[in-house]
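Each value in this text was obtained by applying a stated rule to the coordinates, not by laboratory testing. All of these numbers come straight from a predicted model, not from anything done at the bench. Neighbour counts run over all protein chains shown; Cβ positions are idealised from the backbone, glycine included.
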Amino acid sequence: MILMQKFGSAYIGGDSVVPGATYDFEGPDAPPISLGSTVPGKEIQWILAGGTLIADRNLILNVGWDYLNHFDLVFGKKIVIDGRDYKVRLLRAGREGRLSDWTNLLIVVRDQDFLLNWREAKSLGIDQDKDDPRLKICWGGDQLGRCNYVYFNDQAPNFGWRPVLELPNLNGGATASLTGKGVLIRSRKGTIIEGIVGNNTDYDLSIYGGKIISDNFKPEQEPQFLTFNQDHIVVNRAEILAIHPWDFRLEVTQ
């Protein structure tokens, strides 16, 4: 199941732009790039992958890594979109025990890679080449599954900004305030559930209208994580990795 939301808009200077806009500026006075409040007709579509929201395309083309870094969009900064808190950054490469953001996207979309609009341009990432720090990682463009590298100061139409949004993690805090609100819950083994929080204790959460997002899920894979009751799912809090706020009104179908 592919879970997507539609909200927020990209801005160049103080002006909102449609996704895929071109950055026709250079030099020290180039206007900033940012994410902000939703402008009708200029909304961004996001795909849930690996517990993050990733734009379904490059939002701005012809922008270099160094410009994005100058605007604090590479390594991560806190932002607010329509009153909701996020952290925005670039795509991240894989590490030991953790897949890259791009690989997580490919796992989610599977044979529907057209949803990523990946042929338009390469999507810039955080990480650098181990031998030459001037080279920055990127994905897409002429290759779907493999990464490539570009110079940090290259600015060309075939390079773009595809932001990643990290959702707040409410796990570990008080959950009484979540009653009646939509959430995404991720288990320590990667299973994702969405639903409305009902009764909750220090030991478990009751999720109503719950759906398991992970494909091919089998209850026996995580017997300690959840149990099914007649009208709700009970989730064992000891097995929860993250609880993210989730607004069902923003969901879109593919």
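Gaussian network model of the chain, Cα springs within a sub-10 Å range: biggest mean-square fluctuation belongs to which of 125, 141, 14?
Most flexible of the set in this elastic network: 14.
If you take every DSSP beta bridge fully contained in the chain, what fraction is antiparallel? Give it as a percent rounded to 5.
Details: 64 of 69 bridges.
Roughly 95 percent of the DSSP beta bridges within the chain come out antiparallel.
Along the Cα→Cβ direction, 7 angstrom out, place labels at residue 98 and residue 237. What is the inter-label distance in nm?
2.6 nm
Take 84, 110 and order them by how many other Cβ atoms sit within 10 Å, fewest up front. Don't skip to the answer; put the middle values down first.
Working: 84 15, 110 10.
Least to most surrounded, the residues fall as 110, 84.
Explain nothing, just the number: relative contact order of the chain, from Cα pairs under 8 Å at least 6 residues apart, as a whole percent. Can you show the working numbers first?
Numbers: 569 pairs, mean separation 46.7, N = 254.
Reported relative contact order: 18 percent.
Go ahead and set up a Gaussian network model of the chain, Cα springs under 10 Å, then flag whichever of 209, 160, 76 fluctuates most.
209
Most exposed first by the Cβ proxy, i.e. fewest other Cβ within 10 Å, how do 131, 24, 101, 204 rank? Mind showing how you got there, number by number?
Working: 131 6, 24 9, 101 23, 204 18.
Listed from fewest to most nearby Cβ atoms, that is 131, 24, 204, 101.
Between the DSSP loop rule and a limit of at most 12 other Cβ atoms within 10 Å, which chymotrypsin sites (Phe, Trp or Tyr not before Pro) in the range 197-244 are left?
Numbers: sites: 203, 208, 217, 225, 228; in loops: 203, 217, 225.
Counting only loop positions with at most 12 other Cβ atoms within 10 Å, the chymotrypsin sites (Phe, Trp or Tyr not before Pro) in the range 197-244 are 203.
Quick one: order 37, 177, 100 by neighbouring beta-carbon count within 10 Å, fewest to most. Show your work: numbers first, answer last.
On the way: 37 13, 177 10, 100 19.
Lowest count first: 177, 37, 100.
Enumerate by residue number the trypsin sites (Lys or Arg not before Pro) in the range 133-242 meeting two conditions: DSSP loop (anything except H, G, I, E, B), and at most 15 other Cβ atoms within 10 Å of the site's Cβ. Mind showing how you got there, number by number?
Values: sites: 134, 136, 146, 181, 186, 188, 189, 211, 237; in loops: 134, 181, 188, 189.
Those that pass, being in a loop and sparsely packed, are 134, 181, 188, 189.
Give the long-range amide H neighbours of residue 60: residues separated by 5 or more places, or on another chain, with amide H under 5 Å away, using H modelled in the peptide plane at 1.01 Å from N.
For residue 60, the qualifying residues are 20, 161.
Kindly provide the helix-only [θ] at 222 nm of the chain, computed as the sum of -39,500 (n - 2.57) over DSSP H runs of four or more divided by all residues, to the nearest 500 deg cm²/dmol?
-1500 deg cm²/dmol
Rounded to two decimals, what ratio of Rg to Rh does the range 43-180 give with C-alpha atoms and a Kirkwood Rh?
Values: Rg = 15.5 Å, Rh = 15.7 Å.
Rounded to two decimals, Rg/Rh equals 0.99.
Return the lysines within reach of residue 77: Cα separation strictly under 26 angstrom, same-chain partners fewer than 8 residues apart disregarded; answer none if there are no such residues.
6, 42, 87, 122, 130, 136, 181
Give me the distance in nm between label points sitting 7 Å out from Cα along the Cα-to-Cβ direction at residue 251 and residue 156, one decimal.
Between residue 251 and residue 156, the label points sit 4.1 nm apart.
In nm, give the distance between the simple-model label positions of residue 72 and residue 146, each being 7 Å from the Cα along the Cα-to-Cβ direction.
Output for this residue pair reads 3.8 nm.
Give the Kirkwood hydrodynamic radius (Å, one decimal) of the chain, defined as one over the mean of 1/r across all pairs of different Cα atoms.
Details: mean 1/r = 0.0521 Å⁻¹.
When all Cα pairs of the chain are included, the Kirkwood radius is 19.2 Å.
Full extension from residue 25 to residue 131: what is 0.36 nm times the residue separation minus their Cα-Cα distance, to one decimal in nm?
Taking residue 25 through residue 131 to full extension adds about 35.1 nm, to one decimal.
I need the GluC sites (Glu not before Pro) found in the range 17-108, filtered to DSSP loop residues with at most 11 other beta carbons within 10 Å of theirs.
26, 96
What is the Cα centroid distance between the range 78-137 and the range 188-236, reported in whole angstrom?
28 Å
What FRET efficiency do you get for residue 166 and residue 220 if R0 is 22 Å and r is their Cβ-Cβ distance, rounded to the nearest 0.05?
On the way: r = 31 Å, r/R0 = 1.42.
Calculated value: 0.10.
Run down the aspartates and glutamates and flag those whose C-alpha is under 14 Å from the C-alpha of residue 78, throwing out any fewer than 8 positions away in its chain.
Partners within reach: 166.
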